[in-house]
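Inspection log for the structure reproduced underneath, given as structure tokens.
What follows draws every value from the coordinates through simple rules; no lab data is involved. Because the structure is a prediction, the values reported are computed rather than measured. Virtual Cβ from ideal backbone geometry, glycine too; neighbours counted across all protein chains shown.
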Amino acid sequence: MKPQIAAGLACYLMATTASADVVVGNPMAVTGPIPDLVAPMVLAVDLAAEHVNAQGGMFASGEKFVIARADSQCDPVAAVDAVTKLINVSMVTAIVGPVCSGATIAQADSVSIPAGVVTLSVSASSPMITNMESGTDLVFRSAASDAYQGVALAELAIAKGIMDIAVSYANDDYNAGIAEVFVNSFSEMGGTVTSNEAHEPNKASYRAEVATMGAGSDNLALFAYYGSGGITIMRNALETGAFSTFIGADGMLAQETIDQIGAENLGGATFTTSTPNLTTAGYAAFKGLAEAADVPSASPFVANSYDAAFMMALAIEKAGSADRSAISASLRSIANAPGEVIQAGEFAKAKAILAAGGDIHYNGAAGPQDFDANGDVLGYFSANVVKDGVWEGTIIE
Amino acid sequence: MWETFGFEFVNFYLIPGLVLGCIYALGAIGITLTFSILRFANFAHGEVMMIGGYFTWTAMVLSNDLFGIPLHPIIAAIPAVMLAIALFILVDRYFYKPFRSAPAIRVVMASFGMMLVIRSFVQAVWGPNQLTFVPGIAKPNELVKNLTASVDMMILVPNKHFWIIAGTIVIMLALSWLLTKTKIGKGMRAVSDSPELAKVSGIDVEVIVKATWCVGGFCAVAAGVFLAMDLQMLETTMGFRMLLPMFAAAILGGIGRPFGAVVGGLVIGLAEELSVYPWLGDGSLISPGYKTGVAFTIMVIMLVVRPSGLFKGRLF
């Protein structure tokens, strides 16, 4: 056995260090407050790499498209560490990730922008990311900004007949960002915000908080990550009877929330998320591929993760080399019109067109991935309620 | 909607503060004992709390799956206590004992490393996801609710909080007996006061050290299980998040004073919850986002005004 293990190890080492490979850094919040949400997103990134490598690999020489993964923990400090290592040690061409807004902003500010490396986040949705690149054109994302989701959520609340609401948000870039958009648009639409308080994540008890906020309203807009206080706040609110209706966004949308609190207690909960539009051709192409590989295609940000990794491969292919400086322009070129439409998984086709000097226009699985001047994309949102023990989403028109 | 109860202060601020205080108190006992007998701040204490919760969860799941008997967390905690004590003693033997005569900072660093080792071990074995300890939500005890409502003082306390408060009182009484009436407890107090004097008067310090880990491990697992009962879930950083308030409680009560640690824990727990009560007017006194700051403000003021703590603890 021993020589085989040694040989296997040698192969592995060669595979990860061989200079001929194209290496892309992929910081993901594998541990941290939302591991359940991230696990299928990781599978989607790997699936995109699999498709690239199965269809001829990168460039004319067929180099391998390698994903170098690191754990960004949904935490700014951990993300800076992880991306520093990816850029300086693994010498990656570009970054696909991170997951959380706070992590994305921190690593872009202090590592990837100074190093001149493109970041293409798979799910960071904070409005603060829109204008952060200050002319460098190095920060992109494949998920829509919460500048849109916050408004969609406010419209949803009004449509449900909620006219007064208490707002509680975790004080990080993602949750504070969407809370601000929600509060502004909810007030503009004629609703009353009875209290608007930050809460500290990871406390053992939020009973005092929910009691204080519950004095003004029976409705709570909760912006938190399920794994760092969100579930505890909902549980404390339900136990004390302080709130009966909950609305919120992606950070709470995990099966874990249902398993822990119980479907029978979540009748009044609605959470929105970025979602693929299930009727588009882009999604249909992805769905078949994802199902064949046992990847849950409709889970939050899974399609966005696939799009990000796949677009990065296309952009590097278009650039013709693993040179970091060429990625930003070629990413715009393959994602935006004009060009021949490429669906999820059609790497060989795209490669042939690019080799012949043609233009391509990637049609995202999650939605159109046409980057605007700030590297943002538009997207669809869904409202999710508990049905038969799982979250069930309907697209918000 | 609270005006209908007229008793919100007790239900939503005082009782939650007491429950939190009980958990801090149990954790702080172990910290204060290690601090005074072994002369170092044990950063791994919170992780032992956490792993105790995971052992308990495993015992509950095994009993349910293999024998079909659902165990109450408090019963499932018995094997967990033994495992946690064994862990403490093994860690002490191989990681702390070699540093016994070295400067304290080395063993503090060793305990810091141990904290990361234990957490990574738990993440590797049980995974980084949260585990559900008890599913669903805990409704207030109906009997107490109806009984107290009939005299216009409706008290809303879920059963889990009765268990936590009662369990803490029982452990406190047992600890009090141990420390004042038994030979080993008196030995612990003697070593805490002066290890040299204790040694020359014939006390085996290594036995006392083992006893300290036993008491500390027992209280840590009790705190971890109570915390998991309250949160109804487990996650790998739950012990670490309690560590700083528990240190604050130990310092507030006075290092080496187990009952001081209990008082300190209750003060810190109550201060955190009561500081957001709307004492003046409608809004909460301070924003709930800052309530942890209250606990540490109390600790800092204590260190400046009276460094030995409420109960004249040891100074280092």
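Computed over region A:175-303, the P(r) curve from all C-alpha pair distances, binned at 5 Å from the origin, holds 2, 10, 18, 20, 17, 12, 9, 6, 4, 1, 0 percent per bin. Summarising the label geometry, the points placed 7 Å from Cα in the beta-carbon direction at B:Ser120 and A:Ala348 lie 4.3 nm from one another. Excluding same-chain neighbours fewer than eight residues apart, the lysines reachable from A:Lys351 by a Cα-Cα span under 17 Å are A:Lys64, A:Lys318. Binning the alpha carbon pair distances of the protein assembly as shown at 10 angstrom intervals from zero yields the distribution 3, 14, 22, 22, 19, 13, 6, 2, 0, 0, expressed in whole percent. Computed from phi, the 3J(HN,Hα) profile of region B:32-40 under the Karplus parametrisation 6.51, -1.76, 1.60 (θ = phi - 60°) reads 5, 5, 4, 4, 7, 8, 9, 6, 8 Hz, with x in place of Gly and Pro. Highest mean packing comes first when the peptides B:23-30, A:89-96 are listed by Cβ atoms within 10 Å, giving B:23-30, A:89-96.
Among B:231-243, A:369-381, B:170-182, the peptide with the highest mean count of other Cβ atoms within 10 Å heads the list, and the full ranking is B:231-243, A:369-381, B:170-182.
Taking every full run of DSSP H in chain A, the ones that stretch at least 27 Å from end to end by Cα along their long axis and average 0.0 or higher on the Kyte-Doolittle scale are A:35-54.
For A:Ser61 and A:Ile395, the difference between the fully extended length at 0.36 nm per residue and the C-alpha to C-alpha distance is 115.9 nm. Mean partner shielding of peptide B:126-139, defined as the number of other chain Cβ atoms within 10 Å of each residue Cβ, is 6. Listed peptides B:192-201, A:144-153, A:302-311 appear in the order A:302-311, A:144-153, B:192-201 once ranked by packing, highest mean of other Cβ atoms within 10 Å at the front.
Place a point 7 Å from Cα of B:Arg189 in the direction of its Cβ. Which residues in region B:160-181 have their backbone N less than 14 Å from it? Under 14 Å, as judged by backbone N against the label point of B:Arg189, lie B:175-181 of region B:160-181. Taking 20 Å as the straight-line reach from the Cα of B:Lys210, the aspartates and glutamates in range (excluding those fewer than 8 positions away in the same chain) are B:Glu47, B:Asp92, B:Asp193, B:Glu196. Straight-line cross-link partners of B:Lys160 among the aspartates and glutamates, defined as a Cα under 15 Å from its Cα and at least 8 positions apart when in the same chain: A:Glu239, B:Glu142, B:Asp230. Remark: spin-label model distance B:Arg106-A:Ala355 equals 6.4 nm, labels positioned 7 Å along the Cα→Cβ axis.
Averaged over the residues of A:239-248, the number of partner chain Cβ atoms lying within 10 Å of the residue Cβ comes to 3. The modelled label-to-label distance for the pair A:Ala20/A:Leu278, using points 7 Å beyond Cα in the direction of Cβ, is 4.5 nm. The mean count of C-beta atoms from other chains within 10 Å of the C-beta of residues in A:164-171, rounded to a whole number, is 1.
Rg and Dmax, both from the Cα atoms of region A:32-158 and both in Å, are 15.8, 57. Potential lengthening of the chain between B:Lys210 and B:Lys97 amounts to 39.6 nm, from the contour at 0.36 nm per residue minus the alpha-carbon distance. FRET efficiency for the B:Thr297 to B:Ile74 pair, using the beta carbon distance and R₀ = 30 Å, is estimated at 0.30.
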